[in-house]
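Colleague: Let me give you the structure first, and then I'll get to my questions.
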Amino acid sequence: MKKWIRFDYKEDKSLLGTQDGDYVDEFEGDLLENPKPTGRKIPLNEVQLQSPLEPHSIFALWNNFHERAEKEGQTIPHVPLYFMKPLTSVIGPEQTIYRPLGHQGRVIFEAELGIVIGSKCRKVSESEAAEYIFGYTCVNDVTAIEFLFEDKAFQQWTRSKGYDTFTPIGPCIATGIDTDGMRVKAIQSGETRQDYPVSDMIFSPIQIVSMLSHCQTLLPGDLICCGTSVGARTMKPGTKIDIVIPGIGTLSNPFDDLTGPQNVGHLFFVLKPTLFVGNNY
């Protein structure tokens, strides 16, 4: 088993390595194209972790757990139900999740297992699917829940789940691990809010990869978020959310409703016309 990370170290940005206890073994090259070790060993406490993956695409499942389906009165789907998330929503460990500017409604966390595709994958069988999985990571599939149901004629999955900072990933991509017996937890400011077994999935990771590959070609670097079970809750400003999956690690992110990357952009858009008042532009 290896734990692949991306990190900053001093002046060096977006480096690649594997975690080895309290140290990081640096690698060079592309994560999914046989990277080579550089021989440099760096203390883990001196690096700043980034998202371990810059995904090619992000697929996210809904209604993929028996317990949640039963609790919410949902029918059991016969195929995975999924949507897409924008790549600009990705952040890494310890980076802040921000409430969308002007949004006063609920923003909820969802602890999920993430599948990272390692090679091009099209119409593969369940028996073949494992060969195309590079590894697994922790995902927090954040949702501005009121936006999802704002339009009665159309549920806005991409909008409600696609804001900047709404897809924390990390702390690593773990390879060579078995999802059998795995549990996924969400801990909010020290209190366990979600704690569910991967075995309760309606579609297992292997089945998900196989079935999605019959809908479209999956490419190296694609991320598939496996959906969440019961216990997802509202985040409050100033709190921290930990997504914990043994064998992978803990993905920690604070939540705030102050200015974030998207908010700065919206703020500039609002203010820009007033910058030139009195000038002939």
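Colleague: On each of the three principal axes of the Cα atoms of the stretch 1-88, give max minus min coordinate, whole Å, ordered largest first.
Modeller: That works out to 53, 25, 23 Å along the principal axes.
Colleague: Over the Cα atoms of the stretch 2-50, each weighted equally, I'd like the Debye log10 I(q)/I(0) at q = 0.16, 0.27 Å⁻¹, rounded to two decimals.
Modeller: For the stretch 2-50 at q = 0.16, 0.27 Å⁻¹, log10 I(q)/I(0) is -0.36, -1.05.
Colleague: Let me ask something additional. Report ³J(HN,Hα) in whole Hz for each residue of the stretch 9-16, in order, from the Karplus equation J = 6.51 cos²θ - 1.76 cosθ + 1.60 where θ = phi - 60°; Gly and Pro get x.
Modeller: Calculated HN-Hα couplings, in order: 9, 6, 8, 8, 10, 6, 7, 10 Hz.
Colleague: Separate question: Given H placed on each backbone N at 1.01 Å, which residues far from Cys172 in sequence or on other chains put an amide H within less than 5 Å of it?
Modeller: Excluding prolines and chain starts, which carry no amide H, the hits are Cys138.
Colleague: Expected output is a single nm value to one decimal: the length gained when fully extending between Asp8 and Leu81, i.e. 0.36 nm times separation in residues minus the C-alpha distance. What is it?
Modeller: Extra length from Asp8 to Leu81 when fully extended: 22.7 nm.
Colleague: Please list, in chain and number order, the residues 5+ apart from Phe203 or on another chain whose amide H is under 5 Å from its amide H, with Hs placed from the backbone.
Modeller: Under 5 Å from the amide H of Phe203: no residue qualifies.
Colleague: If we sort 234-243, 185-194 on the protection proxy, mean other Cβ atoms within 10 Å, highest first, what's the order?
Modeller: Working: 234-243: 18.1, 185-194: 16.4.
Per-residue Cβ counts within 10 Å, averaged per peptide and sorted highest first, yield 234-243, 185-194.
Colleague: Can you compute the helix-only [θ] at 222 nm over the chain? Use -39500 (n - 2.57) per DSSP H run of at least 4 residues, normalise by all residues, nearest 500 deg cm²/dmol.
Modeller: Numbers: 6 runs with 40 residues, N = 281.
Result for the chain, helices only: -3500 deg cm²/dmol.
Colleague: Okay, moving on. Please list 3J(HN,Hα) in residue order for the stretch 204-217, calculated via the Karplus relation 6.51 cos²θ - 1.76 cosθ + 1.60 where θ = phi - 60°; whole Hz, with x for glycine and proline.
Modeller: With the stated coefficients, the stretch 204-217 comes to 5, x, 5, 5, 4, 4, 4, 6, 5, 5, 8, 9, 7, 5 Hz.
Colleague: Calculate, in nm to one decimal, what Lys152 and Arg122 gain on full extension: separation in residues at 0.36 nm each, minus their alpha carbon distance.
Modeller: So the extension gain works out to 7.3 nm.
Colleague: To continue, here is another question. Going by amide H atoms built from the backbone, whose H comes under 5 Å of the H on Thr143, apart from near neighbours?
Modeller: Under 5 Å from the amide H of Thr143 lie the amide H atoms of Ile108, each far enough along the sequence or on another chain.
Colleague: I would also like to ask the following. Would you kindly derive the ³J(HN,Hα) couplings of the stretch 37-46 from the backbone phi angles with the Karplus curve 6.51 cos²θ - 1.76 cosθ + 1.60 (θ = phi - 60°), listing them in order in whole Hz, with x for Gly and Pro?
Modeller: With the stated coefficients, the stretch 37-46 comes to x, 8, x, 7, 10, 10, x, 4, 6, 9 Hz.
No lab work stands behind these numbers, since they all come straight from the coordinates. Remember, predicted model here, so these are calculated numbers, not experimental data. Glycine gets a Cβ as well: all are built from the backbone with ideal geometry, and neighbour counts include every protein chain shown.
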